[in-house]
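The values are calculated or read from the model by the stated rules, or taken from the named source; none is laboratory data. Owing to the predicted nature of the structure, the values given are computational and were not obtained by experimental measurement. We place every Cβ from the backbone using ideal geometry, glycine too, and count neighbours over all the protein chains shown. Accessible surface is based on the protein model in full, side chains and every heavy atom, while ligands, DNA and RNA are left aside. Shrake-Rupley method; radii C 1.70, N 1.55, O 1.52, S 1.80 Å.
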Amino acid sequence: MADYDYDLFVIGAGSGGVRAARLSAMSGARVGVAEEHLVGGTCVIRGCIPKKFMVYASEVAHQVQVAKGYGWSGFENVRFDWKTFLEKKDVEIARLSGIYVRNLSNAGADLVHARAELKDAHTVELIGKNQQVTADKILIAVGGWPQVPEFPGSEHGITSNEAFHLEKLPKSVMVVGGGYIAVEFAGIFAGLGVETTLVYRGPNILRGFDDDIRSHLGGELEKRGIRLVLAAQHEKIEKTSEGLVSHLTNGLKPTTEVVMFATGRSPKVTGLGLDKAGVELNAEGAIVVDDYSKTSVDNIYAVGDVTDRINLTPVAIREGAAFAETVFRNNPTAYDHACVPIAVFSQPPVGSVGYAEAEARKKFGQVDIYKSTFRPLKQTFFGGEDRTMMKLVVEAKTQKILGCHVVGDDAPEMIQMAAIAIKMGVTKQQWDNTTALHPTAAEELVTMREKFVSPDLGVA
Ligand SMILES: Cc1cc2nc3c(=O)[nH]c(=O)nc-3n(C[C@H](O)[C@H](O)[C@H](O)COP(=O)(O)OP(=O)(O)OC[C@H]3O[C@@H](n4cnc5c(N)ncnc54)[C@H](O)[C@@H]3O)c2cc1C
């Protein structure tokens, strides 16, 4: 091995980078890590974790309604204080980031607080430190960044990055986008009492999810007071003394205090020096990698959102772990991207694993569909309007469960468990042999016996 400063240099201390750095260092490699912002990356600093805190905070409003239904009273002066929440959130995020720093240090990795740029395939420049380091292997784990569409006035909008630090809670907000981040933030704002409009250019929210789940969730969001404006997009945003006027293609011109874009994220590759090292990108600007996360350059690897495979924290972590196993433990390991469970922390939330019905029909031909929509026990007690929906997609020939989709309280918690069985190839018969757990909403999942009969397709 040539005389490099490090065996491995990791660019980006987020979910994927930190896991890869720690495991590699624990395997005896000399590891350096550069992070230009706070250690922990998108998930800890401006993604999953602060978002979940916001979801928890905003759910309380609905819980108060439920509490009233159960006979509680005295809520006349219930107030939410945004500043207090933000302060507590930032303290917790700093604590979590500190744990990541300690974990890296305990594993023996060197951490540099600097932006890193590639100079060539083995050399990294640490910007502002007047320092270059060399490494045998380089791992790029720089994540993604929100994309804002370009049209007149779009510069007045914010993204999820800024939504975590708004000086005050706005009176009204327009969230633009139909993906999970848009839907989650719409729920957060609405729960916190902000007048919320969700505008999406497509015909329905959550593209890629099962169509029944998408429609059901849309209805539930409207019940929670979110105004859905579909099949429309911005022509321009005009800043007036009243607020931001959104000129939409359907002729509507809603005025809101804040416009938040959740219109996709792109790999954060600008200025990284990838061209100097010869690292190839695909047409969408993501780093091209093989099954072992190796790029077009033999000693450079990439994991996580920058490779745009499945952009979720646990996936970045598993890709980072597989990299360390492959490169520093002499055990070639390709992470299996199949059957990754996904949650949308909308209100109510969604949990989903495996194939959506339409996707399954295309790939497997005939499928059996089981679905159930019901008012859960918690709601029936006081006449609440929330409805839960559950759906199973089963391959007709083999009876293997191909997909499980739930909208309703605790859906993500249910789906984590369902994912184990589905990944193992469970059949509908084995699934049904499981005794129901009573009284729960989840018991409905193992008691759906009647195939859904579609008016178009006969037995679906
Ligand atoms: C609002 C939001 C909510 C989300 N919610 C969820 C969720 O509920 N569940 C889930 O699984 N996923 C969620 N995600 C996605 C998840 O955060 C990402 O998939 C995950 O963080 C990707 O990890 P990563 O290691 O690829 O990159 P990141 O975690 O983004 O880390 C990249 C790091 O690299 C640093 N960096 C970038 N360029 C350089 C450079 N040149 N030099 C030095 N450092 C650099 C960045 O500062 C960052 O710290 C959410 C994302 C967002 C935005």
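Remarks
- Residues with amide H under 5 Å from that of Val112, placed H, sequence gap 5 or more: Val33, Ala34, Glu35
- Carbon plus sulfur fraction of accessible area for the chain, probe 1.4 Å, in percent: 51
- Segment 105-263: C-alpha gyration tensor shape, a/c 1.5 cut-off, then a/b vs b/c: prolate
- Set of lysines with alpha-carbon distance to Lys294 below 19 Å, sequence-local pairs under 8 removed: Lys119, Lys137, Lys268, Lys276
- Placing +1 on each Lys and Arg Cβ and -1 on each Asp and Glu Cβ, with no other charges, gives the chain a dipole about its Cα centre of roughly 720 debye.
- Per residue of the chain, the DSSP helices (runs of n ≥ 4 H) give a summed -39500 (n - 2.57) that works out to -9500 deg cm²/dmol at 222 nm.
- Listed values for segment 295-306 are Karplus-derived 3J(HN,Hα) couplings in whole Hz (6.51 cos²θ - 1.76 cosθ + 1.60, θ = phi - 60°), namely 7, 5, 9, 4, 9, 10, 10, 8, 9, x, 4, 5, and x replaces Gly and Pro.
- Global form of segment 172-261, assessed from the alpha-carbon gyration tensor, a/c cut-off 1.5: oblate
- Thr84-Thr240 FRET efficiency (beta carbon distance; Förster radius 25 Å; 0.05 resolution): 0.20
- Anchor Lys400: lysines whose Cα lies under 18 Å away (excluding residues fewer than 8 positions away in-chain): Lys362, Lys363, Lys371, Lys391, Lys423, Lys428, Lys451
- Within the chain, DSSP assigns beta bridges of which about 60% are antiparallel (rounded to the nearest 5).
- Between Glu450 and His156, the simple label model (points 7 Å from Cα in the Cβ direction) yields a spacing of 5.2 nm.
- Qualifying lysines (Cα of each under 17 Å from Cα of Lys239; at least 8 residues distant if same chain): Lys171, Lys253
- If R0 is taken as 30 Å, the Cβ-Cβ distance between Glu443 and Ser215 corresponds to a FRET efficiency of 0.80.
- Each Lys and Arg adds +1 at its Cβ and each Asp and Glu adds -1 at its Cβ; summed about the Cα centre, segment 117-183 shows a dipole of about 220 debye.
- With each label modelled as a point 7 angstrom along the Cα→C-beta vector, the Lys363-Lys168 pair spans 5.0 nm.
- On full extension, the segment bounded by Asp291 and Glu222 gains 20.7 nm, given 0.36 nm per residue less the C-alpha separation.
- Rolling a 1.4 Å probe across the protein heavy atoms gives the chain an accessible surface of 47 Å² per residue.
- Between the listed residues Gly251, Met414, Ala321, the Cα displaced farthest toward the positive end of the dipole of the chain, a dipole computed from Cβ unit charges relative to the Cα centre, is found at Met414.
- Anisotropy class of segment 1-66 from Cα gyration tensor, a/c 1.5 cut: prolate
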